[in-house]
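The values are calculated or read from the model by the stated rules, or taken from the named source; none is laboratory data. Quick caveat: nothing in here was measured; it's all calculated off a predicted structure. Using ideal geometry, Cβ is built from the backbone for each residue, glycine included, and neighbour counts are taken over all protein chains shown. SASA here: full protein model, heavy atoms, side chains in, ligands and nucleic acids out. Shrake-Rupley method; radii C 1.70, N 1.55, O 1.52, S 1.80 Å.
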Amino acid sequence: MSLELRDVSRSVDSSVYIHPTSVTLTPGGFNILLGPTLAGKTSLMRLMAGLDKPTTGQIFFAGEDVTGMPVQKRKVAMVYQQFVNYPAMTVFQNIASPLRLNGESTAAVRKRVDQIAELLKLGPLLDRLPSELSGGQQQRTALARALAKNASLVLLDEPLANLDYKLREELREELPRLFENSGATVVYATTEPGEALLLSGNTAALNEGRITQFGPTHTVFRNPNDLLTAVIFSDPPLNLANARKEGSTFQLGFASWPVGHYSDLPDGDYQVGFRPHHLQLQSNNESELQISGGVLITEISGSESFVHLGLGEYRWVAQVHGVYQWDPGQKVDMFLSSANLLVFDSSGSRIRMAYG
Amino acid sequence: MAEITLKEIRHSYQSNATAPGDFVIRGVDITWREGGAYALLGPSGCGKTTLLNIISGLLRPTEGAVLFNGIDVTAQDPVTRDIAQIFQFPVIYDTMSVYGNLAFPLVNRGVAREEVDRRVKEVAGMLDLSEMLDQRAVGLTADNKQKISLGRGLVRSDVNVIMFDEPLTVIDPHLKWKLRSELKRLHQRVGFTMIYVTHDQTEALTFADEVVVMHDGDVVQVGTPKDLFDRPEHTFVGHFIGSPGMNLMPCQIVDGKPVVGRSVIPVNRSFADHEKCSGLVLGIRPECIQLDPEGFQVSITRIDDVGHYCIVRAEFEDQALQIFVKEGERIPSENLRIRFDRSSIQIYKDGWIVDGGTPR
Amino acid sequence: MIDRVSNQKAWFMVLPVILLVAFNAIIPLMTVVNYSVQETFGNNVFFWEGMKWFEEVLRSERFHASLGRQVLFSFTILIIEVPLGILVALNMPRQGIGVSICLVLMALPLLIPWNVVGAMWNIFALPDIGLLGRAINGMGVEYNFTQNPVSAWLTVVAMDVWHWTSLVVLLSYAGLCAIPDPYYQAAKIDGAGRWQIFRHIELPKLKRVLTIAILLRFMDSFMIYTEPFVLTGGGPGNTTTFLSIDLVKIALGQFDLGPAAAMSLIYFLIVLLLCWVFYTLMMRSESNAS
């Protein structure tokens, strides 16, 4: 029961919310829409649900053209950021509502609701109203209702964004298990790369109404096709610099790096990037690239430190293991392996070199 | 700048509270030194915002006293306490430009025009707002609006403490990152006492020199980020700090050593016999478990790749265990063996830490 | 913005209403348009006059006078009702039993049928037996709304203020309740005084609500008929004869259908124009702010 979008776009007046997009989402793992706010994740989800009609293009679900079909006819369930529940109904009635609409018998409804409530740890709360529940419990109720509907397409629009950090962790672990046996195509929108990596599945990186790359999450993460995707999929932010290749070196202004595997590249202007956790404090025989920078500030996060470095006009971040308390202004040497470099040409496309 | 002391603060939103359950804050006693960066960390409903409002004067505590530099200010309102507070969503004055917003607190206090101009320009420079001084504040992005809120606090030279109530809630993740480190730099530069309230442990640990962890109206632990990480004094702290938090497994003490299931865990110290009772839990952080071909056998349930490390979810002696494995380290698909870092094991009884005896 | 999914079936449900409205409103309107361009001496015989009535009305002194009075009236009550309404709303409690009491009190004047309002004030303000009239005269001030134009005006204005300020109060109160607490807290911390809090926080946040309130009050006051008619009948003389009262006098009193129809159409167009101006201003300030 896969969802296919063919050249789907959406514009209202003169603003383009979604540029012509084609993508196929399959059941099995989560299909993650990753991007900053206003990238188009919600617009895309609304098109998938049938809440908005695409300006151009068609939408196919399980092979059938559903482009014009109103949302009530489609088997879609959606969970929002803002814990949407029927305020006048108890938790039990909330979860039961899609089952009752379907005309199931009272006994069957009772059994299924109990089953789902058990899964989501809502058992003792069935008689309460949503206003009497905590944020996490309200969102579990919304998820339970979505599960009860047994929809073929489940859309989760940043469902954990309004929850406490630890609650988010808890629910995030439970989510894939909840939907794995339902056979539904699940689409999950988020702004956090870390969440995408934890949920795995497939990821579509979105920016300004366009999908820049779609594929298995870890492939998109480790092997971005272009600069935008690499930037979207980095937290802490990607360290970037403009580099000019001259002969056998990359000139970065404050440093000069050997080109290593990129020796076949034509000379010219490029952009190089790398992820903060690839900057090491110790050099080993793989890390031939060295930088020396002044520490701007160090942030300690338990067992890791984020070191903010000032190099020339750039501000880079290194994510190192261990607790370090450097004073601002102190000079530090850090090392990087060229295998971890991401090189992009001036238009932003990724240049991949075959390793010898 | 002031040293802030909270003495036996208890607070209830009900008018005649008697049972402990009625109280939102159940006894808080802390001293915050001048010029420090502090964080109040805890889940929703633990009372941190209530405590913040008590410090700022927006709320009067049911019991207890608030002291600024030793002087009791419990009866004083926010204006006389000279505090600045930044809220969850940006609070700016729609009618004024950025300049007007920043100047507002000074103008209200009757400061001379030239002085106002000087201070506003200085603070705008610190916060990277100099280019926008003439723009209408209402049209700016959320993070710039929060900077204006912050600027209104910095612009007053007499401010005793600046308080942040989950200020990054409405900010985009990558801007959140930027603003967070800017706040820390700002604190280093300006040296004001800053108290940061949040439920996000990364925000708390990266910003503060000292963190106060709250749970259900009580202060559970006060310490530096390193202390809270290495030596959580309560299982709640162990669970709450770290992503994911500490692994907690029920255990027994046999011959001075902790035993989980049938495995004796080597530790760098011994535990006295009188701790041989029920309610004991062994805590070890996922970061402190190493792969060791000679170690305990665990069965793998799932592996999550998070980029720069993998989280291995495994089962050890019928308990769930989470292990961090660095990027690049090979994880055998079966027969995975691990070892616990001896100095990082903690034992808890009924939630609270038990200190072992002489180190071996 | 939510895009409503189109559903053709809805038209069937709306059809009866459309027919009803058409019968009761649109057809009479078309009749009026018809009358406005023709002349009749009765017996259903009509002569085409074209724009003659419109020109006559637009040039007539009488029309100018009643239009002038109308504009003055609307202006006066807006100036009084809007600030007064906001002031009352600012002082209404936001919590506790006081909220319900105040809301009910404010709602009461709005519930009274309009001609009852006129009748009430009529008796209330009578100079000899009315409570208000007698009291004012007793204090030594000359007051007689049936004979003195100034007294008549003051009475009509007072009646409208009494009747309709509550609407502004209720709308402003709803707007004020929607302002989140942190704004007040931040202003307190910044050392802002009451007036500044009003000017920099409450007034800007009330802008939208106030635009609606002013629009509603303006439209209603411009079309006002029942209350002043029952109170003063348009008098003394024609000093409180507002546009609608004048219109009815011409149409039903003198049975000059042509000029009456033309005048009512002009009236309609004036109101429409002013509403459009308001609407555009409102939309423009919305898009400026966002």
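Structural remarks
- Full extension of the chain segment joining residue B:33 with residue B:134 gains 32.6 nm, where the gain is 0.36 nm per residue of separation less the Cα-Cα distance.
- Spin-label zone in region C:60-84 - amide nitrogen under 20 Å from a point set 7 Å from the Cα of residue C:239 along the C-beta vector: C:62-77
- Where a label projected 7 Å from the Cα of residue B:121 along Cα→Cβ would reach, residues of region B:72-103 with amide N under 19 Å: B:97-103
- Between helix A:165-179 and chain A: long-axis angle, C-alpha atoms, 0 to 90°, nearest 10: 60 degrees
- The lysines whose alpha-carbon is closer than 27 Å to the alpha-carbon of residue A:111, local same-chain residues fewer than 8 away aside, are A:73, A:75, A:121, A:149.
- Sparse-neighbourhood loop sites, trypsin sites (Lys or Arg not before Pro) in region B:1-72 - DSSP loop, at most 15 other Cβ within 10 angstrom: B:33
- Using the 1.4 Å probe convention, the accessible area of region B:71-138 works out to 46 Å² per residue with neighbouring protein chains retained.
- Heavy-atom surface analysis with a 1.4 Å probe gives region C:1-129 a carbon and sulfur content of 72 percent of its accessible area.
- Calculated translational diffusion coefficient of region A:3-232 (25 °C, 0.890 mPa s; Stokes-Einstein with Kirkwood radius over alpha-carbon pairs) equals 135 µm²/s.
- Members of region B:95-122 that become less accessible by 50 Å² or more once partner protein chains are added (1.4 angstrom probe, chain alone as reference): B:95, B:104, B:108
- More than 44 Å apart - percent of Cα-Cα pairs taken over the protein assembly as shown: 50 percent
- Within 10 Å of the Cβ of each residue in B:305-311, the mean number of Cβ atoms contributed by other protein chains is 6.
- When you filter the trypsin sites (Lys or Arg not before Pro) in region B:252-305 for DSSP loop state and at most 15 other Cβ atoms inside 10 Å of their Cβ, you are left with B:262, B:276.
- Reachable lysines, given that their alpha-carbon falls under 24 Å from the alpha-carbon of residue B:184 and they are not under 8 places away in the same chain: A:166, A:331, B:48, B:121, B:145, B:147, B:176, B:226
- Helix axis angle, B:142-154 relative to chain B longest principal axis, alpha carbon, degrees: 70 degrees
- Rolling a 1.4 angstrom probe over region A:3-232 with all protein chains present gives an accessible area of which 50% lies on carbon and sulfur atoms.
- Nearest-ten-degree value, helix B:173-190 long axis tilted from longest Cα axis of chain B: 70 degrees
- In the context of the full set of protein chains, residues of chain A present 43 Å² of accessible surface per residue (probe radius 1.4 Å, heavy atoms only).
- Measuring heavy-atom accessible area with a 1.4 angstrom probe and counting protein chains only, the residues of region B:221-261 that give up at least 40 Å² relative to the chain alone are B:226, B:229.
- Whole-percent carbon and sulfur share, accessible surface of chain B, 1.4 Å: 47 percent
- Förster radius 60 Å - calculated FRET efficiency between residue A:346 and residue C:147 (Cβ-Cβ, nearest 0.05): 0.10
- Label-point gap, in nm, between residue B:302 and residue C:105 - each point 7 angstrom along Cα→Cβ: 6.1 nm
- Accessible area buried between chains C and B, both sides summed, probe 1.4 Å, in Å² to nearest 100: 1700 Å²
- Counting DSSP beta bridges with both ends in chain B, the antiparallel % (nearest 5): 75 percent
- Note on residue C:111: accessible area is roughly 130 Å² with a 1.4 Å probe, heavy atoms of protein only.
- The alpha carbon gyration tensor of region B:38-181 gives principal lengths a ≥ b ≥ c with a/c of 1.5 or higher and a/b no greater than b/c, which makes the shape oblate.
- Neighbour net charge for residue C:154 - beta-carbon separation under 13 angstrom, K R +1, D E -1: -2
- In this view, the solvent-accessible surface of residue B:44, computed with a 1.4 Å probe and all protein chains in place, comes to about 80 Å².
- Applying both filters, DSSP loop and at most 14 other Cβ atoms within 10 Å, to the chymotrypsin sites (Phe, Trp or Tyr not before Pro) of region C:227-256 gives C:255.
- Taking other residues whose beta carbon is less than 10 angstrom from the beta carbon of residue A:191, and scoring Lys, Arg as +1 and Asp, Glu as -1, yields -3.
- Rounded, prolate or oblate (a/c below 1.5 giving rounded, otherwise prolate when a/b exceeds b/c) for chain B by Cα gyration tensor: prolate
- Converting phi to 3J(HN,Hα) with the Karplus coefficients 6.51, -1.76 and 1.60 and the offset θ = phi - 60°, region B:115-132 yields 5, 4, 4, 5, 5, 4, 5, 5, 5, 4, x, 4, 9, 6, 10, 4, 6, 9 Hz in sequence order, with x at every glycine or proline.
- The DSSP beta bridges internal to the protein assembly as shown are antiparallel in roughly 75% of cases.
- Surface analysis of chain C yields an accessible area of 57 Å² per residue, using protein heavy atoms and a 1.4 Å probe.
- Prolate/oblate/rounded call for chain C, Cα gyration tensor, a/c under 1.5 rounded: oblate
- Total accessible area lost when B and A pair, probe 1.4 Å, Å² to nearest 100: 3200 Å²
- Taking θ as phi - 60° and the Karplus parameters 6.51, -1.76 and 1.60, the scalar couplings of region C:148-153 work out to 9, x, 5, 4, 4, 4 Hz in sequence order, x denoting glycine and proline.
- For region B:22-67, the Kirkwood hydrodynamic radius comes to 11.7 Å, computed from all pairs of different C-alpha atoms.
- Using a Förster distance of 45 Å, the FRET efficiency for residue C:62-residue A:128 (Cβ separation, nearest 0.05): 0.05
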